[in-house]
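Everything below concerns the one structure shown next.
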Amino acid sequence: MEPGQLLFHLAIDSRFESIEVVQVVLCDVLERFGVEEDGRHWIDIAVREAVANAIKHGNREEPAKKVEVDLLLSGGELVIRVMDRGAGFDPALAGDPLAPANLHKSSGRGLFFMRKFMDGVDFAPRPGGGMVVTLRKKGPFSQINLGSKSELSEHGEERAV
Amino acid sequence: MKINVRKNGGVTILDVSGKVTIGEGDIALRQAVREQLAAGNKHLLVDLSNVSTIDSSGVGELVSSYTTVTQQGGKLKLLNPPQKVGDILQITQLITIFEVFDDEENAVASF
């Protein structure tokens, strides 16, 4: 497990509308870190793609299966981990959406967006089954007042950790 | 996401507002395009000026709609994408596929 300061841990049902919960929390944290609106937008898109993949391809939209999202500050980087309980996949098998043969395809751009808008994207199997997608964004970031660490359920209930 | 449908001359304009993202926005766009094709309206202009966010599924749905309309002998064009949506069209090179306009009257005249 990567060392760092855990800012938030979210556990959402595998429903696409739950992506909005992640967006609200993520954008709040990014704003506190002094990330400008443009920067927040692109990070949001990358995280949306990772969470959507976890819901759709990882957990096969089974609502009872959770997608977990961690936000950490580690070594001056913002690190976002998106975890599912699916069968896993090989990112090397994803095609190039910019290849002429793929331009007219209606899918296949999610990994491209993640790699385009983040400084690093890693894929790893998850202990106990599933995938961990790690998205990294380099700082610098402003100091923020973290207060107590907190954990939010999907329904926005905040509990001190 | 909301879609308002209106006419300008012989062109059907779909005013899209909100998020064109997976699970809701992409489906709504697909439905709206299919409804227009079913009604015999094959000249479609998608006004993106009030789209706040588009993800890969939303982009995919635009591409799919373009293909479907074209295959049925129609045309689908884009109007006024905001900067970030325009950036997405650029980096995905879909700017080479879609005709994109910043003026509605010019867009309508182009059909």
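Looking only at the stretch A:1-43, count every residue that is within 14 Å of chain B (Cβ to nearest Cβ), closer than 23 Å to A:G86 by Cα and either of a type in the set (G, A, S) or without any contact (Cβ under 8 Å) to a residue 24 or more places away in the chain (or both) and tell me the total. Total satisfying the criteria: 4.
Of the residues making up the stretch A:73-85, those that are closer than 12 Å to A:K138 by Cα and touching a strand residue (DSSP E or B) at 6+ places or on another chain (Cβ under 9 Å) are A:L73, A:S74, A:G76, A:E77, A:L78, A:V79, A:I80. Taking the criterion of being without any contact (Cβ under 8 Å) to a residue 24 or more places away in the chain and part of a strand (DSSP E or B), the residues of the stretch B:3-51 that qualify are B:N4, B:R6, B:K7.
Hey, among the residues in the stretch B:88-105 that are assigned to a helix (DSSP H, G or I) and open to solvent by 50 Å² or more (accessible area, probe 1.4 Å), which one's farthest from A:R115 (Cα to Cα)? This residue is B:E105.
Picking from residues in the stretch A:49-60 that are open to solvent by less than 20 Å² (accessible area, probe 1.4 Å), closer than 12 Å to A:R15 by Cα and under 11 Å from the mean Cα position of the chain (by Cα), the one that is farthest from the other protein chains (Cβ to nearest Cβ) is A:A54. Number of residues in the stretch B:10-45 that are closer than 13 Å to B:K75 by Cβ and of a type in the set (K, R) equals 1. Determine whether B:Q36 is more than 13 Å from chain A (Cβ to nearest Cβ) and within 13 Å of the chain's Cα centre (by Cα). It is true that B:Q36 is more than 13 Å from chain A (Cβ to nearest Cβ) and within 13 Å of the chain's Cα centre (by Cα). For the subset of the stretch A:90-115 comprising residues that are among the small types (G, A, S), within 14 Å of chain B (Cβ to nearest Cβ) and surrounded by fewer than 21 Cβ atoms within 10 Å (Cβ to Cβ), which member is farthest from B:Q71 (Cα to Cα)? Going through the qualifying residues, I end up with A:A94. Residues considered: B:V108, B:V85. Of these, the only one that is open to solvent by less than 60 Å² (accessible area, probe 1.4 Å), within 27 Å of A:L111 (Cβ to Cβ) and at pLDDT 95 or above is B:V85.
Being within 11 Å of chain B (Cβ to nearest Cβ) and out of contact with any Lys or Arg (no Cβ under 9 Å at 6 or more places or on another chain) is not true of A:A46. Consider the stretch B:16-29 and keep the residues that are surrounded by fewer than 17 Cβ atoms within 10 Å (Cβ to Cβ) and closer than 25 Å to B:E105 by Cα. The one that is farthest from the other protein chains (Cβ to nearest Cβ) is B:S17. Checking each residue of the stretch B:43-53 against the condition of being within 14 Å of chain A (Cβ to nearest Cβ) and open to solvent by 30 Å² or more (accessible area, probe 1.4 Å) gives at least one match. If you filter the stretch B:54-85 down to residues that are on the phi < 0 side of the Ramachandran plot and in a loop (DSSP other than H, G, I, E, B), you find that the one that is nearest to the other protein chains (Cβ to nearest Cβ) is B:D55. In the stretch B:61-77, is there at least one residue being out of contact with any strand residue (DSSP E or B) (no Cβ under 9 Å at 6 or more places or on another chain), touching a residue at least 24 places away in the same chain (Cβ under 8 Å) and surrounded by 16 or more Cβ atoms within 10 Å (Cβ to Cβ)? Looking for residues that are out of contact with any strand residue (DSSP E or B) (no Cβ under 9 Å at 6 or more places or on another chain), touching a residue at least 24 places away in the same chain (Cβ under 8 Å) and surrounded by 16 or more Cβ atoms within 10 Å (Cβ to Cβ), one finds at least one in the stretch B:61-77, hence yes.
Of all residues being part of a loop (DSSP other than H, G, I, E, B) and within 14 Å of chain B (Cβ to nearest Cβ) in the stretch A:61-89, which is surrounded by the most Cβ atoms within 10 Å (Cβ to Cβ)? Just the residue, please. Only one residue tops the list, namely A:E61.
The values are calculated or read from the model by the stated rules, or taken from the named source; none is laboratory data. Please read these numbers as outputs of a predicted model, since none were measured by experiment. Methodologically, a virtual Cβ is constructed for each residue, glycine included, from the backbone with ideal geometry; neighbour enumeration extends over all protein chains shown. Accessible surface is based on the protein model in full, side chains and every heavy atom, while ligands, DNA and RNA are left aside. Shrake-Rupley method; radii C 1.70, N 1.55, O 1.52, S 1.80 Å.
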